[in-house]
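Working notes, beginning with the structure itself.
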Amino acid sequence: MKNLHEFLRKNMELAINDYAMIQPGDRLLVGISGGSDSFALLKLLLSPKIYVSNDIELLAVYLDMGFHADDRSHIARLESFFKAHSIRYIIEETTIGLFAHSEKNRLNPCFLCSRMRRKRLFELASENGCSKIALGHHKDDVIETFLINILFGRETSTMVPNQEFFNGKFHIIRPLFYIEETLIKKYAIENELPVFDNLCPTGKTSKRQYVKDLLKQLEKDYRGVKKNIYRAMKNVKPDYLPSPGSVNPR
């Protein structure tokens, strides 16, 4: 692709406008995970925008889950990146990940970790006057979540691009909603973004990883499967689905 930055920026702005994610004067907390998606989101939001207001303030927040106890080099890399781009930031070391994977919570560590992390992001957003939390979830995340919820959650749902919480006090927005993961990873490499590994002990055995691998195999066998699933979410035919009261929920 000749100009990847422009392609990603335009698609990000298209999603922002389609779902009214950002208005002039907004203060955004940008959640940084350490992966290519959140770094790409931050860099794209920092760049001059054509179809979206540049009158916004950004606060980058990285919550360390506690898995890097023996190596703190990623913290120094984060600080260097934030300072080089003149970004306001908060780096907070927590034990959220360790607690979620402790003996007290063996059944569903991913659920508790995600819940505690989100709770802390809401608290920091409130403390710093941010009404919107921007996360780096992309098109592949949306597709994977759709399948995870069907296969394991027994419901038809997925991530939404602009999600309201606490009667509108906060919104979680996902500006990369239209963008594929492969392009984001390519962008991160081209721009030498300081991506570091996720050391979560269940990261490679989680349901999300299982679905990611399943989709990879399906896409290998039948090219276009992911696009079809994505389009199917917008092509719902209620007349051909059982109503909630007509089936046995067990």
Considering Ile179, Ile184, which residue is modelled with pLDDT of 95 or more and farther than 17 Å from Gly31 by Cα?
-> Ile179
Name, by its number, the condition in (1) over 16 Å from the mean Cα position of the chain (by Cα); (2) part of a helix (DSSP H, G or I); (3) surrounded by fewer than 17 Cβ atoms within 10 Å (Cβ to Cβ) that does not hold for Val211.
-> (3)
Sole exception among (1) over 22 Å from Glu123 (Cβ atoms); (2) part of a helix (DSSP H, G or I); (3) β-branched (Val, Ile, Thr) for Ile75, by number | (1)
Please verify whether segment 52-66 includes one or more residues that are among the aliphatic types (A, V, I, L, M), in contact with a strand residue (DSSP E or B) (Cβ under 6 Å, 6 or more places away or on another chain), closer than 17 Å to Leu199 by Cα and surrounded by 15 or more Cβ atoms within 10 Å (Cβ to Cβ).
-> yes
Kindly indicate the residue of segment 1-48 that is at pLDDT 95 or above and of a type in the set (Lys, Arg) and also farthest from Pro175 (Cα to Cα) among those meeting that condition.
-> Arg27
Could you tell me which of the residues Lys227, Lys234, Lys220 is free of Cβ contacts under 8 Å to residues at least 12 places away in the same chain, in a loop (DSSP other than H, G, I, E, B) and loosely packed, with under 15 Cβ neighbours inside 10 Å?
-> Lys234
Inspect segment 39-55 for any residue being in contact (Cβ under 8 Å) with a residue 40 or more places away in the chain, in contact with an Asp or Glu (Cβ under 9 Å, 6 or more places away or on another chain), outside any loop (DSSP other than H, G, I, E, B) and under 19 Å from Leu121 (Cβ atoms) and give the result as yes or no.
-> no
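Here's the yes/no breakdown for (1) in contact with a Phe, Trp or Tyr (Cβ under 9 Å, 6 or more places away or on another chain); (2) among the acidic types (Asp, Glu); (3) within 22 Å of Leu14 (Cβ to Cβ):
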residue	(1), (2), (3)
Ser33	yes, no, no
Ser38	yes, no, yes
Leu44	yes, no, yes
Ser47	no, no, yes
Ile50	no, no, yes
Ile56	no, no, yes
Asp64	no, yes, no
Phe67	no, no, no
Pairing a residue in segment 18-32 that is touching a residue at least 40 places away in the same chain (Cβ under 8 Å) and assigned to a strand (DSSP E or B) with any residue that is exposed (fewer than 15 other Cβ atoms within 10 Å of the Cβ) and not basic (Lys, Arg), where Cβ atoms lie under 6 Å and the two sit 6 or more apart in sequence or on different chains, gives Arg27/Glu57; Arg27/Gly129
Inter-residue pairs, beta-carbon under 6 Å, first in contact (Cβ under 8 Å) with a residue 12 or more places away in the chain and in segment 115-133, second of a type in the set (D, E, K, R) and crowded, with 18+ Cβ neighbours inside 10 Å, 6+ apart | Lys132/Asp26
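The values are calculated or read from the model by the stated rules, or taken from the named source; none is laboratory data. As the structure is a computational prediction, the values presented were derived from the model and not from experiment. A quick note on method: Cβ atoms are made from the backbone with ideal geometry, for glycine too, and the neighbour counts reach across all protein chains shown.
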